[in-house]
1. Looking at region 76-98, I want the residues that are aliphatic (A, V, I, L, M) and have a partner that is modelled with pLDDT under 95 with Cβ atoms under 6 Å, at least 6 apart or on another chain. Which pairs are those?
2. Check whether at least one residue in region 56-72 is in a strand (DSSP E or B) and surrounded by 10 or more Cβ atoms within 10 Å (Cβ to Cβ), and report yes or no.
3. In region 42-87, how many are among the polar types (S, T, N, Q), in contact with a strand residue (DSSP E or B) (Cβ under 9 Å, 6 or more places away or on another chain) and over 14 Å from Lys31 (Cβ atoms)?
4. So which residues in region 73-93 are part of a helix (DSSP H, G or I) and surrounded by 12 or more Cβ atoms within 10 Å (Cβ to Cβ)?
5. Among what's in region 25-46 and is of a type outside the set (S, T, N, Q) and farther than 15 Å from Ser97 by Cα, pick the residue that is nearest to the chain's Cα centre (by Cα).
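The values are calculated or read from the model by the stated rules, or taken from the named source; none is laboratory data. None of these values were measured; they are calculated from a predicted model. Reconstructed Cβ throughout: ideal geometry from the backbone, glycine too, with neighbour counts over all protein chains shown.
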Amino acid sequence: MKIYNNKSYDEPKRQYEEEVAVLEMEDEVYKLVVHNDDVNTFDFVIMCLINICEHTPEQAEQCTMLIHYKGKCTVKTGALEKLKPMHQALLDKGLSSEIV
């Protein structure tokens, strides 16, 4: 708390940081991971990440490169309820993904 002109004021930034910390502790964070395969093209994977995971084209391209060269990439993090439909949509498109 800071005091200006004999009046006390809460620091909004600090309060915000504390609220975020509490929210992060309450929500379990899951990862949606896409694995490399020998079937799908770069362009197809990029399109799926844009349409399903709401990536920007640049983000989708970077993730696709990581999938190809590293074998897998975490493409989205968040609550399980948010990731399940994305995971199923990726599977429906023929991509190999898992939630961890």
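1. So the pair list comes out as Ala79/Asp27.
2. The answer is yes, given that some residue of region 56-72 is in a strand (DSSP E or B) and surrounded by 10 or more Cβ atoms within 10 Å (Cβ to Cβ).
3. So the answer is 3.
4. Those that are part of a helix (DSSP H, G or I) and surrounded by 12 or more Cβ atoms within 10 Å (Cβ to Cβ): Leu80, Lys82, Leu83, Lys84, Met86, His87, Gln88, Ala89, Leu90, Leu91.
5. Step by step, filter region 25-46, then rank; the result is Val29.
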